[in-house]
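First comes the structure, then the notes that go with it.
The values are calculated or read from the model by the stated rules, or taken from the named source; none is laboratory data. This one's a predicted model, so the numbers in the text were calculated from it and none came from an experiment. Here the Cβ is made from the backbone with ideal geometry for all residues, glycine too, and neighbour counts use every protein chain on show.
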């Protein structure tokens, strides 16, 4: 039972933050093509998104928990993204040198 609650907690929080990031990204798109099943998927995801929003607003008071998630989840991801960006910059530089 506890593992199920932890799973629902993580899924709802991740879905909520993913939804917020997607909304920000959609602001910068020129044209939007909506998929056929998008309204159905939005309806099914709404309870988890609402729960994630509730958890996000309630847990924002606990800075230690946020620090833990930042160190455990976000820091490795930031490091991976930084390494990939650096590699892309390196390959572009080498390509320009060759050409």
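Mind counting the residues in segment 4-30 that are over 17 Å from residue 55 (Cβ atoms) and either at pLDDT 80 or above or assigned to a helix (DSSP H, G or I) (or both)?
5
Go through 92, 53 for me and flag whichever is assigned by TED's automatic domain parsing to the domain that holds residue 16 and either over 19 Å from residue 19 (Cα atoms) or at pLDDT 75 or above (or both).
Testing whether each residue is assigned by TED's automatic domain parsing to the domain that holds residue 16 and either over 19 Å from residue 19 (Cα atoms) or at pLDDT 75 or above (or both) leaves just 53.
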